[in-house]
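Okay, so here's the structure we're looking at.
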Amino acid sequence: MPGVWRAAAYCSGAAVIFHSPRACAHVARSMDISAQYRALANGAAENLKPIPVVSSMLQEKHSIFGGADRLRACIEDVVNTYRPKCLIIANSCVAGVIGDDVEAVGKESEVKYGIPVLTVPCYGFLDGEYYQGYFAVAEQLAERFFHKQTKLENTALLIGDNGGPWGHYAKEVKRLLAYFSIKVIGQFPGYIPINELPQITAASFSIILGGRGQTYNGLTKIARLLEMNYEVPYLQDGYPSVGWDNTVDWLRNLGVFLHQEDLAEKAVVQEKDKLFAFADKVKKITQGKRCVVCIGRMLMYFHPAGILETLRRLEMQVEAIILFDNYNTKERKLMVEAVSAQCQAPIIDQTAGQQLLETVDLVLTTHEITNNQDIKQIFLPMLPLVGTSGEIEFMDCIYKTLCRRGEKGGIVYV
């Protein structure tokens, strides 16, 4: 259900109904508040407002008598209150157990009120998860609102979320696109007003905002849909992820895609000069400092290569890689292989590394270490900063943490 809302969260003109008990809507509200906090933390002047999300407020009696009439009443109230141009209905586990025919109510309401009503064919945790709802809404929005348009030269459409238009990821991609005089005309799904959706197929091409596994596969499906049905090709194979090598690959890949390889090489030179100049500036503090990297996430969600590359660039001494105890045998083996390919430091468990944590200058960790407040920690985020700007910001965080005076421990969030 949160995936349904997130796919339309800032599409002004839309409204979302959770056919659910009241508490389910609290999840979306919490996500909205968190998104606003992130935007403020990034220094963004947020000028987008989230669309309404309303619960049909199913109660115990509806589990016996059904909740279809309750949904009809909710739709009428939302239409009269918000005057939406599009209505999207997300189903809860309760609605699935009751067996309400939400799709039929949606079609009926579409005729009655004369606006598109989209329903998602999954019911909470019964048969779906976050991205199933997210991609279902994206596909239906494309089907209902997209039309072929005359192409606008030197324009791109971003596909995915990663913190929205004000997030670090989108801002870094836009900055790198400026080398090629490419302008971003929108970010889909979730951030384009309903009345502007038909125009986004005028983009010259689209760019997928990263992701791995299921996320990347789903975003690629949207990109392929745009390519096949609306002649909007997409940039494949790579994105400006963590690490200089990935950024170089992305820029060169973009240069080939745009037939502007010379511009790509100029961009690589300028970005390299910027990155290495900053590294040289902070190495007077970072050089020779002893550190430990603590990892507790699965390889699917955390790749250590970029972090270790940055530490090498800063000429820091990695004393050990500590793997936390939450791995099963298979996951631990995969992470050991990934780390060993990038670093010669010993790989140890958290029991063996406990004493070492107290002696090094810095600990970089995927999970907060709370049993010792004297350890100076940097928390490695789930969504790492990308591109040259991301690596510079990460190096700056290491530099400033090592420069701190007057207190030994504490944790810093990148």
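Applying 1/(1 + (r/R0)^6) with R0 = 30 Å to the Cβ-Cβ distance of Glu110 and Thr220 gives a FRET efficiency near 0.50. Computed with a 1.4 Å probe on the full set of protein chains, the accessible area for Arg175 sits at about 70 Å².
Taking the charge dipole of the chain about its Cα centre, with +1 at Lys and Arg Cβ atoms and -1 at Asp and Glu Cβ atoms, the residue from Ile348, Ala7, Ile375 reaching farthest to the positive side is Ile375.
Stretched out straight at 0.36 nm per residue, the stretch from Asn229 to His367 would grow longer than its current Cα-Cα span by 45.3 nm.
Shape summary: the chain maps onto an equivalent ellipsoid whose semi-axes, from the alpha-carbon gyration tensor, are 42, 28, 18 Å in decreasing order. When a/c is below 1.5 the answer is rounded, else prolate if a/b is larger than b/c, else oblate, so apply that to region 126-266 with a ≥ b ≥ c taken from the square roots of the Cα gyration tensor eigenvalues. The shape class here is oblate. Entry comment: accessible area of region 328-414 is 54 Å² per residue, from protein heavy atoms only and a probe of 1.4 Å. Taking the Cα centre of the chain as origin and assigning +1 to Lys and Arg Cβ atoms and -1 to Asp and Glu Cβ atoms, the resulting dipole is close to 760 debye. Ranking Leu362, Leu402, Pro384 by how far each Cα lies toward the positive end of the dipole of region 346-414 (charges on Cβ) leaves Leu402 at the top. Subtracting the Cα-Cα distance of Ala23 and Ala277 from their residue separation scaled by 0.36 nm leaves 86.3 nm. For region 267-361, chymotrypsin sites (Phe, Trp or Tyr not before Pro) are listed when DSSP marks them as loop and at most 12 other Cβ atoms sit within 10 Å of their Cβ; the list is Tyr301.
Just the number: Rg to Rh for region 171-218, Cα atoms, Kirkwood Rh, two decimals.
Across region 171-218, the Cα-based Rg/Rh ratio is 0.99.
For region 170-284, the per residue solvent-accessible surface stands at 45 Å², with DNA, RNA and ligands left out and a 1.4 Å probe. Within the same chain, lysines fewer than 8 places from Lys289 are excluded, and of the rest, those with a Cα less than 28 Å from its Cα are Lys272, Lys274, Lys281, Lys376, Lys400, Lys408. Panel values: region 247-306, Kirkwood radius from alpha carbon pairs, Stokes-Einstein at 25 °C and 0.890 mPa s, translational diffusion coefficient 170 µm²/s. Ligands, DNA and RNA left out, the 1.4 Å accessible surface of the chain is 52% carbon and sulfur atoms.
Of interest is the spacing of the C-alpha centroids, which for region 146-219 and region 302-366 amounts to 35 Å.
Relative contact order, whole percent, for the chain stands at 13, derived from Cα pairs under 8 Å and 6 or more residues apart. Evaluate the distance, in nm, between pseudo-label points positioned 7 Å from the Cα of Asp349 and of Asp101 along their respective Cα→Cβ axes. Here the answer is 5.8 nm between the modelled labels. Rounded to 0.05, the FRET efficiency of the Arg290 and Val256 pair, given R0 = 45 Å and the Cβ-Cβ distance, is 0.60.
The values are calculated or read from the model by the stated rules, or taken from the named source; none is laboratory data. The structure displayed is predicted, hence computed values, not measured ones. Cβ atoms come from the backbone with ideal geometry, glycine included; neighbour counts cover every protein chain shown. Ligands, DNA and RNA are excluded from the accessible area calculation, which covers all protein heavy atoms including side chains. Shrake-Rupley method; radii C 1.70, N 1.55, O 1.52, S 1.80 Å.
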